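Engineer: Sharing a structure here in structure tokens format.
The values are calculated or read from the model by the stated rules, or taken from the named source; none is laboratory data. Treat the numbers as computed from the prediction; the structure is a model and nothing was measured. Neighbour counts are summed over all protein chains in view; Cβ atoms, including those assigned to glycine, are modelled from backbone coordinates with ideal geometry. We work out accessible area using only protein heavy atoms, side chains counted, and drop any ligands, DNA or RNA first. Shrake-Rupley method; radii C 1.70, N 1.55, O 1.52, S 1.80 Å.
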Amino acid sequence: MPSLEEELFPSTPGKFKDKGSLSMNRQFHRCFASTSTMFLWALFLIALTASYLSFQSFMDSGTRYFSSTWGGLHWEKQVRNSAQIHRKNGFSVLVTGAAGFVGSHVSLALKKRGDGVVGLDNFNSYYDPSLKKARKSLLSSHNILIVEGDLNDARLLGKLFDIVQFTHVMHLAAQAGVRYAMENPHSYVHSNIAGLVTLLEICKNADRQPAIVWASSSSVYGLNEEVPFSESDRTDRPASLYAATKKAGESITHTYNHIYGLSITGLRFFTVYGPWGRPDMAYFSFTKSILQGKPITIYRGKNRVDLARDFTYIDDVVKGCIGSLDTAKKSTGSGGKKRGPAQYRIFNLGNTSPVTVPMMVGMLERHLKVKAKKHFVEMPGNGDVPFTHANISLARKEFGYKPTTDLQTGLKKFVKWYLAYYGDNHGKL
Ligand SMILES: O=C(O)[C@H]1O[C@H](OP(=O)(O)OP(=O)(O)OC[C@H]2O[C@@H](n3ccc(=O)[nH]c3=O)[C@H](O)[C@@H]2O)[C@H](O)[C@@H](O)[C@@H]1O
């Protein structure tokens, strides 16, 4: 049987007519044969590379599939257990971003009062994922399961809704951080827009649509100069892409409310801080630097005006989240069809007493008993706003929201947690 090489390049001498041309032909053939060998080798290498690449992609998807942390009967049972309600007329709540700062606190508070809670978090590395894992362990010790997965994974979300008929969704998963949006703009679109739409699609299709409470941001006020910021103030001048994606979220949720009858409550958080907080935020990263003897950079506005924030303590925000859940009316639609008008609300959850950044640093210095090495620079054009100040009368009227922790007290609690959590290590890891 002829070899493949032979089939492609037949070497039968009889095909050549005279002997004289035979030697020439042989030379030609040798040369041709070596070219053909090279060609075959090249083909072989191309085929090898192609099969290697497809094997790699198979392995990648396979790894994703096999290492997937969800699926299976045991997992479904865990989800059901976590969603179990232990109080009369209690809720079963899907908390997205449950391994995050606000998400972990809200999940614990709901579980403690007897609601069922299932967490979802993608454990991304925007900041130290080991802190998120530690929060997960804390929640797990209270029988709260956090499913590891991304908001954009519609299959996973669908599966969770197949297993549990969630009465509420507390949507706190997001790409946070105002200034990081200049570094990684697409991560904001991925989580705050695409992820939000994926979640809303699943919610609107549910037979019994859940009521949704979700985290917007004080940053939507952008260049607003009316003080204090009220929900009816302009929010069409965001100063950062982060703010723009949160503002887009308010519009997107409005659409789902209008077309599908989803009950929506958006919460504009004002610089939330406290134990188990976010290491990317100023109060947290300043604490770490101060303890390590490193300088901190404090931004200042034009004419050396200090920046100010309406810092809001986590426990107050948790009360606001729960008040919102408790007063949320049911969604009116089911299976993607609206059956009547549904509730759409937006609330500020702030503290109503802004504090300047240098004053916040002074409080940290006192609690830490260490002087900060302060380096003042003019606020770069990176999306920051000079000040925030919440008018909270709407939330007070609707569900009695009343923050009770001032910054001095809240930072004391934060520092106590920080020192206990990081010990002598001061967050070097
Ligand atoms: O209220 C909100 O909606 C937002 O609050 C925070 O954003 P921000 O207020 O900018 O909080 P930090 O990043 O902790 O900054 C606080 C203040 O410290 C200042 N800062 C920050 C970092 C730094 O190195 N130096 C410095 O002076 C900032 O300019 C700002 O005035 C959160 O990071 C956002 O996710 C959230 O949406």
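Engineer: Go through the range 163-208 and count every residue that is of a type in the set (D, E, K, R), open to solvent by 50 Å² or more (accessible area, probe 1.4 Å) and part of a helix (DSSP H, G or I).
Structural biologist: 2
Engineer: Among the residues of the range 211-231, how many are among the polar types (S, T, N, Q), farther than 30 Å from Leu120 by Cβ and in contact (Cβ under 8 Å) with a residue 60 or more places away in the chain?
Structural biologist: The number of residues fulfilling the criteria is 1.
Engineer: Residue under question is Thr352, and the condition is that it be polar (S, T, N, Q), modelled with pLDDT of 95 or more and more than 19 Å from Gly222 (Cβ to Cβ); does it hold?
Structural biologist: Yes: the conditions hold for Thr352.
Engineer: Name every residue in the range 204-226 that is away from the ligand (no atom under 15 Å from the Cβ) and either of a type in the set (A, V, I, L, M) or over 27 Å from Thr96 (Cα atoms) (or both), in order of residue number. Explain how you work it out, then say what you get.
Structural biologist: Filtering the range 204-226 for residues away from the ligand (no atom under 15 Å from the Cβ) gives 204-213, 225-226.
Those that are away from the ligand (no atom under 15 Å from the Cβ) and either of a type in the set (A, V, I, L, M) or over 27 Å from Thr96 (Cα atoms) (or both): Ala206, Ala211, Ile212, Val213, Glu225, Glu226.
Engineer: Right, another one. Where in the range 335-429 are there helices (runs of 4 or more DSSP H), lying fully within it, with 3 or more residues that are open to solvent by 80 Å² or more (accessible area, probe 1.4 Å) and closer than 22 Å to Gln292 by Cβ? Spell out how you get there, then give the answer.
Structural biologist: On the way: elements: 357-368, 393-399, 407-422.
Because the criterion is at least 3 residues that are open to solvent by 80 Å² or more (accessible area, probe 1.4 Å) and closer than 22 Å to Gln292 by Cβ, the helices (runs of 4 or more DSSP H) in the range 335-429 that meet it are 407-422.
Engineer: Restricting attention to the range 251-270, report how many residues are more than 11 Å from the ligand (Cβ to nearest atom) and crowded, with 19+ Cβ neighbours inside 10 Å.
Structural biologist: The initial filter retains those residues of the range 251-270 that are more than 11 Å from the ligand (Cβ to nearest atom), namely 251-266.
From what is left, the residues that are crowded, with 19+ Cβ neighbours inside 10 Å are 253, 256-257, 260-266.
The qualifying residues number 10.
Engineer: Looking at the range 293-315 only, could you name the residues that are of a type outside the set (Lys, Arg) and surrounded by 22 or more Cβ atoms within 10 Å (Cβ to Cβ)? Step through it out loud before you land on a result.
Structural biologist: In the first step, residues of the range 293-315 are kept if they are of a type outside the set (Lys, Arg); the result is 293, 295-299, 301, 303, 305-308, 310-315.
Within the range 293-315, Asp310, Phe311, Thr312, Tyr313, Ile314 qualify.
Engineer: Give the residue that is most open to solvent (accessible area, probe 1.4 Å), with candidates limited to residues of the range 318-329 that are part of a helix (DSSP H, G or I) and more than 14 Å from Val95 (Cβ to Cβ).
Structural biologist: Only one residue fits best here, namely Lys319.
Engineer: Can you pull out every residue in the range 234-269 that is in a loop (DSSP other than H, G, I, E, B) and touching a Lys or Arg at 6+ places or on another chain (Cβ under 7 Å)?
Structural biologist: Start the filter on the range 234-269 by keeping residues that are in a loop (DSSP other than H, G, I, E, B), which leaves 234-240, 261-263.
Within the range 234-269, Thr235, Pro238, Gly261, Leu262, Ser263 meet the criteria.
Engineer: Please enumerate the residues belonging to the range 345-361 that are in contact with a strand residue (DSSP E or B) (Cβ under 9 Å, 6 or more places away or on another chain) and more than 11 Å from the ligand (Cβ to nearest atom).
Structural biologist: The initial filter retains those residues of the range 345-361 that are in contact with a strand residue (DSSP E or B) (Cβ under 9 Å, 6 or more places away or on another chain), namely 345-352, 354-361.
Across the range 345-361, the qualifying residues are Arg345, Ile346, Phe347, Thr352, Met359.
Engineer: So Ala83 fits all but one of (1) farther than 17 Å from Ile212 by Cα; (2) modelled with pLDDT of 95 or more; (3) surrounded by 10 or more Cβ atoms within 10 Å (Cβ to Cβ); what number is the exception?
Structural biologist: (1)
Engineer: Moving to a separate point now. Taking only the range 86-104 into account, find how many residues are surrounded by fewer than 24 Cβ atoms within 10 Å (Cβ to Cβ) and either closer than 15 Å to Arg135 by Cβ or of a type in the set (D, E, K, R) (or both).
Structural biologist: Result for the range 86-104: 2.
Engineer: Could you check Leu241 against (1) closer than 22 Å to Thr405 by Cβ; (2) open to solvent by 30 Å² or more (accessible area, probe 1.4 Å) and say which number it fails?
Structural biologist: Just one mismatch for Leu241, condition (1).
Engineer: Quick check, is Tyr273 near the ligand (Cβ under 9 Å from one of its atoms) and surrounded by 22 or more Cβ atoms within 10 Å (Cβ to Cβ)?
Structural biologist: Yes, satisfied.
Engineer: Still on this model: Looking only at residues in the range 283-342 that are out of contact with any Ser or Thr (no Cβ under 7 Å at 6 or more places or on another chain), on the phi < 0 side of the Ramachandran plot and of a type in the set (D, E, K, R), which one is nearest to the ligand (Cβ to nearest atom)?
Structural biologist: Of everything passing the filter in the range 283-342, Arg300 is nearest to the ligand (Cβ to nearest atom).
Engineer: For the range 152-160, check the following and say yes or no: at least one residue is acidic (Asp, Glu), open to solvent by 40 Å² or more (accessible area, probe 1.4 Å) and within 16 Å of the ligand (Cβ to nearest atom).
Structural biologist: No.
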